[in-house]
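J.: Pasting a structure here, questions to come.
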Amino acid sequence: MKTRPSVTASVQTDEAPGHALPDSGQISALRAWHEGFSSRDAVERFLPGVRSAGESARGVIGRIRRQIAAFARVRHRDDLAALFEGPAKHSAAAARRVVAAVEALRTTALPRPLIGDDVERWLPPRTIEPLHAAGIRTLADLTVRVPRRRRWWSAIAGLGVAHARQIEAFFAAHPDLTERARALVVLPAPSDVSPWERIVVPEEVDGSRGLHRAPRESCALRASNDYEAVQAWLSMHEAPATQRAYRKEAERLILWAIVERGCALSSLATEDAVAYRTFLRHPSPRGRWVGPPRPRTAPDWRPFSGALSARSTAYALSVLNALFRWLIEQRYMLANPFAGLKVRGTKAAVLDAGRAFTESEWNLVRTLADGLEWSYGWEAPAAQRLRFILDFGYGTGLRASELVGAKLGRIELDPHGDHWLRVVGKGSKAGKVSLPPIAREALDRYLAQRGLPVTPAKWASSTRLLGNIPAAVGEADEAGGITTGRLWALTKRFFATAAGELQEVHPALAEKLRRATPHWMRHTHATHALERGVELTTVRDNLRHSSVSTTSIYLHTDDRRRAEQMRRGFSGAKDAR
């Protein structure tokens, strides 16, 4: 770990100023002053010509006392330092005590810090409070944390870069502390887990000495441990949604490897991968791993909100497979423990028909949205925005991330008079989506409600289609947008309102609404398009699926038609006679 030499004066080393005793002349002047000489007489007699311009004799005596006190403090002789701090006594006995203290200090060796020492014994006073607040009481606690990452101090509130550099300089002066502390590290079985940026990982499980690490000389990464290697992999993906999804899977595995298996990511074996597959289906102990969605900074944050389905488990393993393949390509690792690992119950990739609304269900939901202001107390801008989300999302089949990122400047008019929206979709793939009349009408209406021009020639290209609510009534929202998370929250709020309204009259639809997410509008868009006779390839192109087989999962009508025809063909017991 690199340190800054300019801060070493603040830590306790022999080279720091004030860590040498005064010379014999200075000691004689101090002794004479204690015996009753005036400061001027003592300095002129024993230190002639040493005063700098403007310095008083009293100042010279004070400087000598501070130098001895600092020397004593560094050697942890606070009892002797007290003789040279505060009011001084002037007597022959006081002079003898001063001389005896100086002689004792001459033979006192500079103490060596021990890993069990309290941090306040060795580190600058201003670092102690934030360290204690972070649960760091001893040098052993701190030595485990210091070498981990370049910005290790960011997890310690109130410490800051300057104080962190002072601590680094201290450890640079005592390099044996780190190794001695690591020899004592015993990884506990914690009652809970924290996000990976907040945990302290001993070297034994951080991957710096992973069992399946490739030779360092051939590695294409600068990463020294598994966390840094995974961060390098995540940086390869520019799409924020992809980064979040991949980070979640990699973080879960790293935490599980450390907490449950007591080993590094780069030490996992195939048997560990098989055990992790089982763990994903039933994360346990639940109190440690499972909890409601919470911010990463919350103390009750957990990696899982529940057990994963077979498809979610298969997805997680596919992401981890991709991670390990990349690490092997970079010559960071030698083997992929997840290679060939399968998940039962995932071969038939069919869409759950319950994740799309029928025509009548959608019409009912849309009717409820028209009365949000007067029936349910929504503010007009919020209700208008929600109706735009429903109509535009239903009409185009956009993903939530695509909708929040869409801008007016990406709408095009082709020579035939048809409107298209250019988007960057899943996997950072560029594409275009047709804007049918329902989508164009919803956009024009929403732009007018926001106080923005409807004519394309007057559009500001950077204005987002989905706007933020302005702070003041009547104020136009020129370009601001909302996040994908906010879009999900708004839509879920509406679906919950609609479910409560329909609970008594339509309990089945109410239950669907409680499970619904913004992605259901994409499913509903595709299902209704195919039911209305739109060609399968057309729906595939508008959804930007790579294969028509993916789009064909929306063809539930064939199942219904087949069931109806078989019901007519075999209508009852009389047919058997």
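J.: So Trp301 passes all but one of these: (1) touching an Asp or Glu at 6+ places or on another chain (Cβ under 9 Å); (2) surrounded by 20 or more Cβ atoms within 10 Å (Cβ to Cβ); (3) under 19 Å from Arg247 (Cβ atoms). Which condition number does it fail?
T.: Result: Trp301 passes all but (2).
J.: Can you tell me which residues in the stretch 497-507 are part of a helix (DSSP H, G or I) and loosely packed, with under 14 Cβ neighbours inside 10 Å?
T.: Of everything in the stretch 497-507, those that are part of a helix (DSSP H, G or I) and loosely packed, with under 14 Cβ neighbours inside 10 Å turn out to be Gly500, Pro507.
J.: Just the residues that are touching a residue at least 40 places away in the same chain (Cβ under 8 Å), open to solvent by 20 Å² or more (accessible area, probe 1.4 Å) and of a type outside the set (Gly, Ala, Ser), please, taken from the stretch 259-270.
T.: Within the stretch 259-270, Val259, Cys263, Thr270 meet the criteria.
J.: Oh, and also: In the stretch 309-321, what residues are without any contact (Cβ under 8 Å) to a residue 24 or more places away in the chain and under 21 Å from Ala335 (Cβ atoms)?
T.: Ser318, Asn321
J.: Of these, Phe37, Phe84, which one is free of Cβ contacts under 8 Å to residues at least 12 places away in the same chain, surrounded by 14 or more Cβ atoms within 10 Å (Cβ to Cβ) and not charged (D, E, K, R)?
T.: Details: Phe84 fails: free of Cβ contacts under 8 Å to residues at least 12 places away in the same chain.
Exactly one residue qualifies, and that residue is Phe37.
J.: Separate question: Which ones in the stretch 434-471 are in contact with a Phe, Trp or Tyr (Cβ under 9 Å, 6 or more places away or on another chain) and among the aliphatic types (A, V, I, L, M)?
T.: Once the filter is applied, which keeps residues that are in contact with a Phe, Trp or Tyr (Cβ under 9 Å, 6 or more places away or on another chain) and among the aliphatic types (A, V, I, L, M), the stretch 434-471 yields Leu435, Ile438, Ala439, Ala442, Leu443, Leu447, Leu452, Leu465, Leu466.
J.: Looking at this structure, is Ala510 among the small types (Gly, Ala, Ser) and either surrounded by 17 or more Cβ atoms within 10 Å (Cβ to Cβ) or over 26 Å from Arg244 (Cα atoms) (or both)?
T.: The answer is yes for Ala510.
J.: If I ask for residues that are out of contact with any helix residue (DSSP H, G or I) (no Cβ under 7 Å at 6 or more places or on another chain), under 14 Å from Val319 (Cα atoms) and open to solvent by 60 Å² or more (accessible area, probe 1.4 Å), which ones from the stretch 237-257 would you list?
T.: Matches in the stretch 237-257: Arg244, Lys248.
J.: Here's something else I'd like to know. Output yes when any residue across the stretch 11-23 is at pLDDT 75 or above, farther than 30 Å from Pro124 by Cβ and open to solvent by less than 40 Å² (accessible area, probe 1.4 Å), and no when none is. Write out each step before concluding.
T.: Taking the stretch 11-23 first, the residues at pLDDT 75 or above are 20-23.
Subset that is farther than 30 Å from Pro124 by Cβ: none.
No - not one qualifying residue is present in the stretch 11-23.
J.: If you don't mind, another one. Quick check, is Leu327 surrounded by 12 or more Cβ atoms within 10 Å (Cβ to Cβ), part of a helix (DSSP H, G or I), modelled with pLDDT of 90 or more and touching a strand residue (DSSP E or B) at 6+ places or on another chain (Cβ under 7 Å)?
T.: Judged against the criteria, Leu327 is a match.
J.: Look through the stretch 417-443, keep the residues that are assigned to a helix (DSSP H, G or I) and open to solvent by 40 Å² or more (accessible area, probe 1.4 Å), and return whichever of them is farthest from Gly467 (Cα to Cα).
T.: Here is the first cut: in the stretch 417-443, the ones assigned to a helix (DSSP H, G or I) are 426-428, 437-443.
Adding the requirement that they be open to solvent by 40 Å² or more (accessible area, probe 1.4 Å) leaves 426-428, 437-438, 441.
Working: Lys426: 22, Gly427: 25, Ser428: 23, Pro437: 21, Ile438: 19, Glu441: 16 Å.
The qualifying residue farthest from Gly467 (Cα to Cα) is Gly427.
J.: For a quick check of your reading of the model, give me the residue pairs whose first member lies in the stretch 154-177 and is free of Cβ contacts under 8 Å to residues at least 12 places away in the same chain, whose second is open to solvent by 20 Å² or more (accessible area, probe 1.4 Å) and not in a helix (DSSP H, G or I), with beta-carbon atoms closer than 9 Å and at least 6 apart or on different chains.
T.: Val161/Arg151; Asp176/Arg112
J.: Separate question: Take the stretch 111-123 and flag every residue that is in a loop (DSSP other than H, G, I, E, B), out of contact with any Leu (no Cβ under 7 Å at 6 or more places or on another chain) and either more than 19 Å from Arg165 (Cβ to Cβ) or open to solvent by 20 Å² or more (accessible area, probe 1.4 Å) (or both).
T.: Pro111, Arg112, Leu114, Gly116
J.: Moving on. Could you grab me the full set of residues in the stretch 238-297 that are among the β-branched types (Val, Ile, Thr) and in a loop (DSSP other than H, G, I, E, B)?
T.: Listed by number, the list holds a single entry, Thr297.
The values are calculated or read from the model by the stated rules, or taken from the named source; none is laboratory data. In this text the structure is predicted, and so the values were computed from the model without any measurement. So basically every Cβ, Gly included, is an ideal-geometry build from the backbone, and we count neighbours across all protein chains shown. Note: accessible area is taken over every heavy atom of the protein model, side chains too, but ligands, DNA and RNA are not part of it. Shrake-Rupley method; radii C 1.70, N 1.55, O 1.52, S 1.80 Å.
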